[in-house]
Structures are given as structure tokens and as C-alpha cells.
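**Student:** Mind looking over this structure? Questions follow.
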Amino acid sequence: MRGYLRRFSPRGGVDDFLTHWRQPTPYRWQILALSVALTFTVMVLFVPENQAKAPERPHVTYITTFEPGRTDAEIAASNQANQARQDRIEAELAAAEERKKQMYRDLGRATGVDVDAMERRLAEQRAPEKPGAQATGER
């Protein structure tokens, strides 16, 4: 494999170029200038010009869900209605959670698990070590 790659070494090509360049040729500099000019011309023709233009100003559409001319009393009434709706949803979720806990309690009692003792242990784990320890920062 190494012998195969040795055939494609750029060193041989550079050596051949330098050997040919050192030979006295009367049109050596003219050929070099023509080669550079042709390369430059091809690059200029095929490299695209900078076509940058200023971006269009975006068209913004504002979507509003409220009337633009609401009074402070209407805003307060809307906020109170929303808070009442949030409180109702929170109460429904708490009731659903309590129903779920009750179903697990019933299942535990039906299978012979001491559910009351488990609930006491959980309450003890969740209670702070000292009453008011969180308020004063003590432990």
C-alpha cells in the first residue's frame, strides 16, 4: 500500500516543474503572465457579485384577545373571573387527587396493608423537625 501511495507524491511533480522552469525558454515569463491572467479572468467571471440588499421590513400582525379600550374596572373584573376559574380548576384537581388516594387506601385495606400506619409515617416524614424551624431558619 505504501508503494502505491508513493507514486502519487507531490514532491515529484514539484521537482519536475522546477526542472522545466530552470530550462532557458524565451517565452517563460509571457506564458506565466498569460496563465495568471486567464486564471484571474475565470475567477472573476465565475465568482458571483455580492447581491446583498437591505432586508424587507417585517410586517407584524398583533393578535389581541382583549378589547383595546378596556377600562380598569373591566380589567379587574376579568382578572377576578379568571382567578375564580383557576380556583375552581385547582379545587377539582385536589378532589380528583383525594379520590385517587382514597381508592388506593381502599385497595390497601382490601389486601391487608396497614394504610393508617403508612399515612402516619408519611406525615411524620413531611413534618418539620421542630415546629417553626422553617420560620426561624433553625434545625
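**Student:** With springs only between Cα atoms under 10 Å apart, run a GNM on the chain and tell me which of G108, G12, G69 wobbles the most.
**Tutor:** Largest GNM mean-square fluctuation: G12.
**Student:** Rounded to the nearest percent, how much of the accessible area of the chain (1.4 Å probe, protein heavy atoms only) is carbon and sulfur?
**Tutor:** Details: 8130 of 13820 Å².
Percent of accessible area from carbon and sulfur atoms in the chain: 59.
**Student:** Tell me the per residue accessible area of the chain using a 1.4 Å probe; a whole number in Å² is fine.
**Tutor:** 99
**Student:** Tell me the volume per residue, in Å³, of the convex hull enclosing the alpha carbons of the chain. Walk me through the intermediate numbers first.
**Tutor:** On the way: hull volume 83.6 nm³, N = 139.
For the chain, the hull spanned by Cα atoms encloses 602 Å³ per residue.
**Student:** All other residues with a Cβ under 12 Å from the Cβ of Q102 taken together, and with Lys, Arg as +1 and Asp, Glu as -1, what is their net charge?
**Tutor:** +1
**Student:** Under a point-charge model restricted to the Cβ atoms of Lys and Arg (+1) and Asp and Glu (-1), what is the dipole moment magnitude of the stretch 40-90 relative to its Cα centre, in debye to the nearest 20?
**Tutor:** The calculation lands at about 160 debye.
**Student:** So, one more: Highest mean first, what order results for 18-31, 92-105 on Cβ atoms within 10 Å?
**Tutor:** 92-105, 18-31
**Student:** Separate question: Per DSSP helix of 4 or more residues, -39500 (n - 2.57); summed, then divided by the residues of the chain. What does that give at 222 nm, rounded to the nearest 500?
**Tutor:** -22000 deg cm²/dmol
The values are calculated or read from the model by the stated rules, or taken from the named source; none is laboratory data. Source: prediction; values computed, not measured. For neighbour counting, all protein chains shown are included, and Cβ atoms are generated from backbone atoms with ideal geometry for every residue, glycine included. Each accessible area value is taken on the protein alone, full model and side chains, heavy atoms only, with ligands, DNA and RNA left out. Shrake-Rupley method; radii C 1.70, N 1.55, O 1.52, S 1.80 Å.
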